[in-house]
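Encoded as structure tokens, the structure appears first; notes follow it.
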Amino acid sequence: DVKVTQSSRYLVKRTGEKVFLECVQDMDHENMFWYRQDPGLGLRLIYFSYDVKMKEKGDIPEGYSVSREKKERFSLILESASTNQTSMYLCASRATGVAYEQYFGPGTRLTVT
Amino acid sequence: DQQVKQNSPSLSVQEGRISILNCDYTNSMFDYFLWYKKYPAEGPTFLISISSIKDKNEDGRFTVFLNKSAKHLSLHIVPSQPGDSAVYFCAASLHRGSTLGRLYFGRGTQLTVWP
């Protein structure tokens, strides 16, 4: 079974803080993704990575950066957290190949006050 | 611009009846379509998928239909059960290009199955 874990289920941070969200997968997947989910807006792609040290912007990268130093780990960084970044953050991974399924972690509910 | 659209934010169905969730897309280059189910406070879980070369795929109570000419797909759940109550996301993927494997998600439909 593929397992994707996220460092925290719930996180509360103050405006202006630097925030790190960590994601680890144990299936040697090449591709990893960060999404945020907001009511009525569905899943929106922030960044993704198809290899170590490689990254691509998704649809809403502003205010975020990412780091992929090891194949199994993909970090999302909020350089200076703002209240409009309060959201559910979801990490996913998938193998390169014919199958397109992405496997999701449990999510991190981030609240910025 | 939303390339995958789920125009019904919610659907309510009685237990035992059929649930039909709809999804439309705009990009004719999409070649693979997926449905995910999401419970509150959990990550989405993969449910069923279909390749663009097929028009139907079935897995137990779940069937996905694809109408390429209409750029439309639907998920049928028969019979519906209370445990099916969740948000359902439609997603599509492009095989080619630098965004290989990236999924484009709809906004989701909240399904409620009542006894």
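Observations on the structure shown:
- Residue list for the stretch A:61-107, filter: surrounded by fewer than 22 Cβ atoms within 10 Å (Cβ to Cβ), among the polar types (S, T, N, Q) and part of a strand (DSSP E or B): A:65, A:67, A:75, A:87
- When the stretch B:1-33 is filtered for residues that are closer than 13 Å to residue B:104 by Cβ and assigned to a strand (DSSP E or B), the ones remaining, listed by number, are B:4, B:5, B:23, B:24, B:25, B:32, B:33.
- Within the set A:44, A:36, the sole residue that is under 22 Å from residue A:56 (Cα atoms) and in contact with an Asp or Glu (Cβ under 6 Å, 6 or more places away or on another chain) turns out to be A:44.
- Any hit, the stretch B:52-72, residues being among the hydrophobic types (A, V, I, L, M, F, W, C), touching a Phe, Trp or Tyr at 6+ places or on another chain (Cβ under 9 Å) and either open to solvent by 70 Å² or more (accessible area, probe 1.4 Å) or within 11 Å of chain A (Cβ to nearest Cβ) (or both): no
- Those residues of the stretch A:73-113 which are more than 14 Å from chain B (Cβ to nearest Cβ), out of contact with any Phe, Trp or Tyr (no Cβ under 9 Å at 6 or more places or on another chain) and under 24 Å from residue B:38 (Cα atoms), in sequence order: A:73, A:84, A:86, A:112
- Within the stretch A:10-22, being of a type outside the set (A, V, I, L, M, F, W, C) and closer than 17 Å to residue A:33 by Cα holds for one residue alone: A:22.
- Of the candidates A:14, A:68, the single residue that is over 24 Å from residue B:91 (Cβ atoms) and not small (Gly, Ala, Ser) is A:14.
- For the stretch A:40-56, a residue qualifies if it is surrounded by fewer than 14 Cβ atoms within 10 Å (Cβ to Cβ) and either facing another protein chain (nearest Cβ under 9 Å) or at pLDDT 95 or above (or both), and exactly one does: A:40.
- Total residues in the stretch A:11-31, condition farther than 19 Å from residue B:41 by Cα and either open to solvent by 60 Å² or more (accessible area, probe 1.4 Å) or at pLDDT below 95 (or both): 11
The values are calculated or read from the model by the stated rules, or taken from the named source; none is laboratory data. As the structure is a prediction and not an experimental result, all values here were calculated from the model. Cβ coordinates were reconstructed from backbone atoms using ideal geometry, including for glycine residues, and neighbour counts include every protein chain displayed. Protein only, heavy atoms only, side chains kept; ligands, DNA and RNA dropped before computing areas. Shrake-Rupley method; radii C 1.70, N 1.55, O 1.52, S 1.80 Å.
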